[in-house]
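The values are calculated or read from the model by the stated rules, or taken from the named source; none is laboratory data. Just so you know, these numbers come straight off a predicted model, no measurement behind them. Note: ideal-geometry Cβ built from the backbone for every residue, glycine included; neighbour counts use all protein chains shown.
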Amino acid sequence: MAEEAENSIPVIAIDGPSASGKGTVALLVAKKLGFHYLDSGSLYRLVALAAMRSEVDLDDEKALSGIAADLDVSFADGEIRLGDRNVADDIRAEACSNGASRVAAYPRVRGALLDRQRAFRKRPGLVADGRDMGSMVFPEAMLKVFLTASPEVRAQRRYKQLMGKGINANIATLLQDIRDRDARDTNRSVAPLQLAAGANLLDTTSLDIQQAVDSVLKLYAEACAKSAPKPS
């Protein structure tokens, strides 16, 4: 009965490659609907950050899975706390982003974080963004969206984001990093980045954030209408 009740809680799963805008879109959709929000990528970034701070080799799957299992993390009021420190900005650094992509390729790390991600599913609903939300973590999600954009546009977005925070960046380097991450994420053996069964493809190359948010909200309204009980 508990599992049945949990499955009745609506989930919007938004997946996509790096810098596709899925995090911003997912957060705004969650706020609009009054739903909880899960930034699954932050968990892998946190594992990478904790590993680098502890000087753990990012090739050591066993040690990394241990870090993932014992991760002391909390999300509240826009803060992401690792232990007693707010690391919301730290985990957005490029070194941490690239480390997260490497860490996420390990089955034992993904397994250690799976239950933690699913625990975010609470009433009235959840919007979860990542790379395998619709395919692996919430395969029964009411709505699955695969958000993408051209690598060039994604590099421009990341550049503006970093420069806006006062972090120096180079477009050519960012573009190559994005292409490298795409290759790692789509070719990994466990939970590769892919269009999940039943997912809606949303290309945001020519869309602004609000247009992307409106598109997801429209898709959700249509999904709700389809799942509503038919009058007898």
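Yes or no, residue by residue, for (1) assigned to a helix (DSSP H, G or I); (2) under 17 Å from the mean Cα position of the chain (by Cα); (3) exposed (fewer than 15 other Cβ atoms within 10 Å of the Cβ):
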| site | (1), (2), (3) |
| --- | --- |
| S42 | yes, yes, no |
| V47 | yes, yes, no |
| K62 | yes, no, yes |
| I67 | yes, no, no |
Residue check, A223 under 22 Å from G41 (Cα atoms), modelled with pLDDT of 95 or more and either assigned to a strand (DSSP E or B) or of a type in the set (A, V, I, L, M, F, W, C) (or both) | no
The number of residues in segment 71-94 that are over 14 Å from R158 (Cβ atoms) and in a helix (DSSP H, G or I) is 2
From the list V127, V103, V87, which residue is under 30 Å from M163 (Cα atoms), surrounded by 20 or more Cβ atoms within 10 Å (Cβ to Cβ) and touching a His at 6+ places or on another chain (Cβ under 9 Å)?
-> V127
Filtering segment 111-159 down to residues that are in a loop (DSSP other than H, G, I, E, B), closer than 28 Å to A63 by Cα, in contact (Cβ under 8 Å) with a residue 60 or more places away in the chain and not basic (K, R) yields F120, D132, F138
Taking segment 183-203 on its own, how many of its residues are closer than 12 Å to V145 by Cα and assigned to a loop (DSSP other than H, G, I, E, B)?
-> 6
Given the structure, is D208 surrounded by fewer than 14 Cβ atoms within 10 Å (Cβ to Cβ) and closer than 27 Å to V29 by Cα?
-> yes
One residue from A172, A191, A196, A223 being within 20 Å of D15 (Cβ to Cβ) and over 16 Å from the mean Cα position of the chain (by Cα) | A223
Any idea which residue in segment 150-183 is modelled with the highest pLDDT, counting only those that are of a type in the set (K, R), in contact with a helix residue (DSSP H, G or I) (Cβ under 6 Å, 6 or more places away or on another chain) and within 20 Å of D208 (Cα to Cα)?
-> R154
The residue that is surrounded by the most Cβ atoms within 10 Å (Cβ to Cβ), considering only those in segment 90-100 that are modelled with pLDDT under 90 and charged (D, E, K, R), is R92
Give me the pairs: first residue in segment 160-173 and outside any helix (DSSP H, G or I), second residue polar (S, T, N, Q), beta-carbon distance under 9 Å, and six or more apart or on different chains, which are they?
-> I167/Q161; A169/Q161
Output for segment 7-23, where each listed residue is surrounded by fewer than 22 Cβ atoms within 10 Å (Cβ to Cβ) and under 10 Å from the mean Cα position of the chain (by Cα) = P17, G23
Of V56, V73, which residue is among the aliphatic types (A, V, I, L, M), at pLDDT below 95 and surrounded by fewer than 23 Cβ atoms within 10 Å (Cβ to Cβ)?
-> V73
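Per-residue answers, yes or no, for (1) farther than 16 Å from Q117 by Cα; (2) of a type in the set (V, I, T):
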residue	(1), (2)
V47	no, yes
M52	yes, no
F75	no, no
I80	no, yes
G83	yes, no
D89	yes, no
Count of residues meeting criterion [of a type in the set (K, R), in contact (Cβ under 8 Å) with a residue 24 or more places away in the chain and over 14 Å from R184 (Cα atoms)] in segment 85-105 | 1
If you check R108 against the conditions, is it touching a residue at least 24 places away in the same chain (Cβ under 8 Å), under 24 Å from V190 (Cα atoms) and of a type in the set (K, R)?
-> yes
